[in-house]
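Scroll down for the structure; my scribbles are underneath it.
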Amino acid sequence: MRFRSTNSNDETVSFKDAVLGCLPADGGLYVPDKMADIRQIILHMDEGAGFHDLFTALAPALFADDLCPQSAPLVAQSAFNFEPELVRLDDDYSLLDLSGGPTGLFKDFGIAFLAAAVEELRKDSGRHLVLAAARGDVGVSMAHAFSGRRELNAVLVYPSGPIRGLDPSAFVPNGGNIIPIQVRGTFDDCQRIISETIRDREFASRYNVTSANTINVGRLLPQTLYYIYAFIKAKKHLSGGLAFSVPCGSFGNFIAGLYAWKFGMPVNGFIAAMNSNNVMGDFFKGMPFVPRPLTATNSPALDVRIPSNLSRLESFYRESPAVMRNMVHPAGVGDELTLMTIEYVWKKYNRHIDPHTAVAFAAAEQVAASRHWKGHTHTVVLATGHYAKYPELMHEATGKKIPSSETFRNLQKKTDPIALIPPQLDAFENAIASCF
Ligand SMILES: *Cc1c(COP(=O)(O)O)cnc(C)c1O
């Protein structure tokens with residue numbers, strides 16, 4: 001499969017160039033040019049196949065010559081020491097549990113793959129620096145994914161505020177390959193400094209700089225795989241249609257599902273589940289996108305003012321407008337219903353779900369009721385976060401205390417960066433240079 005910019009149809013690039021280039025020069029985002037058609041593989045894949053098997057079977061179609069058949073299983077192995085799990089609740093619902101990674105977030109899948117892919121694509125071409133703006137658990141996920149990779153250094157650029165969850169033994173001064181740098185400024189300052197560094201040709205070529213931004217296609221493609229994985233596990237039990245309900249913030253996870261459909265996965269609908277910041281609801285009904293002020297909710301990963309994948313959604317709908325009208329169902333869920341849904345799922349199925357998953361579950365119930373899906377459309381709800389990260393909320397919703405998890409407690413530990421700098425390019429480049 002080749003990739004093009006959302007702003008132009010003329011030029012296409014390989015997977016390797018899209019991953020290492022991260023962003024096209026014309027200000028768009030990379031999207032698949034002609035979608036791979038892998039319907040036959042999807043339909044005939046054995047139900048017992050593991051996530052690594054699926055990855056290996058689909059890699060030739062998705063990554064073409066950039067990941068040869070011999071290296072695909074090795075990349076899968078080096079990326080994923082965790083797997084998605086499909087949990088069937090009843091005839092109407094399953095949960096696709098994506099919280100098995102090091103930070104308990106679905107984002108671990110994309111980040112883990114990106115790190116393994118960059119290592120493979122850069123093999124034997126000298127040392128490279130991968131820059132990423134980081135906040136919260138995403139920085140921890142990056143540190144896990146890049147730690148110990150050959151000839152790679154990951155520079156995690158943090159905005160002001162506490163830095164939590166990193167393991168100092170993985171830092172460069174302690175013999176590791178991770179370089180956390182804190183900028184006195186905002187997340188936007190971090191992203192600006194990264195772009196400026198990449199455009200500083202002399203520095204960028206001396207240190208072989210690339211970026212692992214959230215909009216890198218290397219993070220999106222592995223996310224398509226767990227939708228297909230869920231289909232393969234669910235298909236035997238399906239008597240009617242299949243839908244997915246996805247809690248949406250920047251809409252990266254959601255667009256990955258639409259790509260899985262384009263690749264040939266049989267599916268009848270996608271629910272775009274939002275909290276009270278449901279500004280994209282109008283967009284899906286065919287109106288132009290207009291940003292609105294944010295309100296803070298109990299599902300904070302969905303509090304996004306301008307989704308970073310907006311131009312990918314627009315590009316998708318220019319090509320497939322019928323999908324938008326017939327297959328995508330937006331729904332907004334408030335805080336109170338989110339809490340009630342955590343309680344409902346606990347009482348009915350004896351399962352804890354995190355607040356983002358609860359938004360998706362409640363949205364699925366709303367859409368199923370309004371479209372009369374009960375009894376003949378099975379909905380897979382994406383469980384994007386681990387419930388044990390929200391002990392107080394779980395207690396409030398279910399009245400039960402949950403056992404505290406050491407992994408998630410460690411995510412709260414404060415760490416010092418190796419440098420604290422003003423938000424300026426020269427300070428940033430000097431901090432990097434001092435590591436070598
Ligand atoms: C990031 C995140 C989301 C939203 O995913 P997007 O790809 O940004 O739409 C949903 N749930 C959890 C737990 C998250 O961390």
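By the rule of a C-alpha distance below 22 Å, with chain neighbours fewer than 8 residues away ignored, the lysines paired with LYS285 are LYS262. Taking the longest Cα principal axis of the chain as reference, the axis of helix 355-370 is set at about 40 degrees. Backbone phi angles across the stretch 28-37, fed through the Karplus curve with coefficients 6.51, -1.76 and 1.60 (θ = phi - 60°), yield HN-Hα couplings of x, 10, 6, 9, x, 7, 9, 5, 4, 9 Hz in residue order; Gly and Pro are listed as x. Applying 0.36 nm per residue to the separation of SER125 and ALA296 and subtracting their alpha-carbon distance, the gain on full extension is 57.0 nm.
Computed over the alpha-carbon pairs of the stretch 247-389, the distance histogram in 10 Å steps reads 11, 43, 36, 10, 0 percent, short to long.
Maximal additional length on extending the ASP33-HIS52 stretch stands at 4.3 nm, based on 0.36 nm per residue less the C-alpha distance.
Take each peptide in 385-394, 127-136, count the other Cβ atoms within 10 Å of every residue, and average; sorted highest first, the result is 127-136, 385-394.
Pull out a ≥ b ≥ c, the square roots of the eigenvalues of the alpha-carbon gyration tensor of the chain, then state rounded if a/c is under 1.5, prolate if not and a/b is larger than b/c, and oblate in the remaining case. It comes out prolate by the Cα gyration axes. Count Lys and Arg as plus one, Asp and Glu as minus one, and take only other residues whose Cβ is under 11 Å from that of PHE436; the net charge is then +2.
Where Lys and Arg each count +1 and Asp and Glu each count -1, what net charge lies around VAL345 among other residues with Cβ under 11 Å from its Cβ? It works out to a net charge of 0.
For the peptides 60-73, 221-234, residues were scored by their other Cβ atoms within 10 Å and the scores averaged per peptide; the highest-first order is 221-234, 60-73.
Between ILE271 and PHE244, SER245, VAL246, HIS329, the built amide H atoms are under 5 Å apart, and every one of these is 5 or more places off in sequence or on another chain.
Residues whose amide H falls under 5 Å from that of LEU152, counting only those 5 or more places apart or on a different chain, are HIS128, with hydrogens built in the peptide plane. Each residue of the stretch 334-346 was assigned a 3J(HN,Hα) from its phi angle through the Karplus curve 6.51 cos²θ - 1.76 cosθ + 1.60 (θ = phi - 60°); the sequence is x, 4, 5, 5, 4, 4, 4, 6, 4, 5, 4, 5, 5 Hz, with glycine and proline shown as x.
Taking other C-beta atoms within 10 angstrom as a stand-in for reagent exposure, HIS44, HIS52 fall in the order HIS44, HIS52, fewest first.
Between the Cα long axis of helix 107-121 and the first principal axis of the chain there is an angle of about 40°, rounded to the nearest 10.
Rounded to the nearest 20, the Cβ-based charge dipole of the chain about its Cα centre (Lys and Arg +1, Asp and Glu -1) stands at 420 debye. Placing a label point 7 Å from the Cα of ASP17 along the Cα-to-Cβ line, the residues of the stretch 185-215 whose backbone N sits under 20 Å from it are 198-199, 201, 205, 208-213, 215.
For TYR93, the residues whose modelled amide H falls within less than 5 Å of its own, excluding neighbours fewer than 5 places apart on the same chain, are THR379. In terms of distances greater than 30 angstrom between alpha carbons, the cross-link table entries LYS16/LYS235; LYS34/LYS374; LYS107/LYS348 yield LYS16/LYS235; LYS34/LYS374. Helix 187-199 and the longest principal axis of the Cα set of the chain meet at an angle near 50°. Each Lys or Arg adds one and each Asp or Glu takes one away; over the other residues whose Cβ falls under 9 Å from the Cβ of GLU119, this sums to +2.
Secondary structure note: in the chain, about 20% of the DSSP beta bridges are antiparallel.
Taking θ = phi - 60°, what integer Hz values does the Karplus form 6.51 cos²θ - 1.76 cosθ + 1.60 yield along the stretch 380-396, in sequence order, with x for Gly and Pro? For the stretch 380-396, the Karplus curve yields 8, 8, 6, 8, 8, x, 8, 4, 5, 7, 10, x, 5, 5, 4, 5, 4 Hz.
What the Cα atoms of the stretch 69-159 give is an Rg and a Dmax of 15.3, 53 Å.
Values in this text are rule-based calculations from the coordinates and carry no lab data. Please read all numbers here as calculations on a predicted model, not as lab measurements. Here Cβ is always computed from backbone atoms with ideal geometry, including for glycine, and neighbour counts include all displayed protein chains.
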